[in-house]
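Report on one structure; see the data block that follows.
Since every read-out is calculated from the coordinates, none of them should be taken as a lab result. This structure is a prediction, so every number in the text was calculated from the model and none was measured. Reconstructed Cβ throughout: ideal geometry from the backbone, glycine too, with neighbour counts over all protein chains shown.
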Amino acid sequence: MASLADFMGLVGPSESRYPRLGWGEVEDALGVVLPTDYKAWGSEYVSLHVDRFLAIDNFATPVYFERDFSETVASGLVSVRRSMERSGRMYLIDDQDQVVGEDLAALPVYPEPGGLLMWGSSTYTGSFMWLMDGDDPDEWPIVVTNRDSEWWQFDGGFLDFLVGVLRGDVRCPMIKPEWLKAPAIEELVGTKLFTHLGGKQSTVMDVRPTSRWVSYFETS
């Protein structure tokens, strides 16, 4: 089983001083008890971007509480829910990107009981989630989905998945090698306004590389 020390050994220590909330407050607002390894990670790290590919959310970040917390988390699953509703079915793929289960019933989505709860995302592939199957959050599998209504399941924990992918020990068919070349992190340092085409503005997270990875991002 992968540990926080394993993750830290790959990406380096956190340097962010961004505030975090207590896990009791977070879980009360969410209505869900979160996995132990995720809370250990989130007590050490803020929200991260890994190699500008994978965005990992720390639910203890106060920005989530600027409006109703459960609504904020559920809104991140809108695209997943729409994909489910559009297709009505999902396709299970194996580690070699081969379909091994067709016409599977669409999975429920948070806040539905036993639903998918997203902890990460990528503009390249899709969503990284827990399937809240069972009463023990430490036993929840990881599910990765894409925009083609395909899903891949990893029967391990949050840190098992991250450390395995970053080491190359876990092959997720949703992640191409060229998308995640190094365990290079950028940490949340605040928020900023982003102006979309058409002039609409939204609040986005402002991230900066840790000192260990500054030169990597300057040259990549």
- Message: Kirkwood Rh over alpha-carbon pairs of the stretch 12-55, then Stokes-Einstein at 20 °C and 1.002 mPa s: what D in µm² s⁻¹, rounded to an integer?
- Response: 181 µm²/s
- Query: Which lysines does Lys200 reach when only Cα atoms under 30 Å apart count, and residues fewer than 8 places away in its own chain are ignored?
  - Reply: Lys192
- Potential lengthening between Glu218 and Phe194 on full extension [0.36 nm per residue; Cα-Cα distance subtracted]: 6.4 nm
- Note on the structure: Taking r as the C-beta separation of Trp179 and Ala40 and R0 as 22 Å, the FRET efficiency to the nearest 0.05 is 0.25
- Mind checking which lysines have their Cα closer than 29 Å to the Cα of Lys176? Skip sequence neighbours fewer than 8 apart in that chain. Lys39
- Query: Listed highest first by mean packing, meaning other Cβ atoms within 10 Å per residue, what order do 123-130, 172-179, 158-165, 28-35 come in?
  - Reply: 158-165, 123-130, 28-35, 172-179
- Would you kindly compute the Cα radius of gyration of the stretch 132-220 and its largest Cα-Cα separation (Dmax), both in Å? 17.0, 46
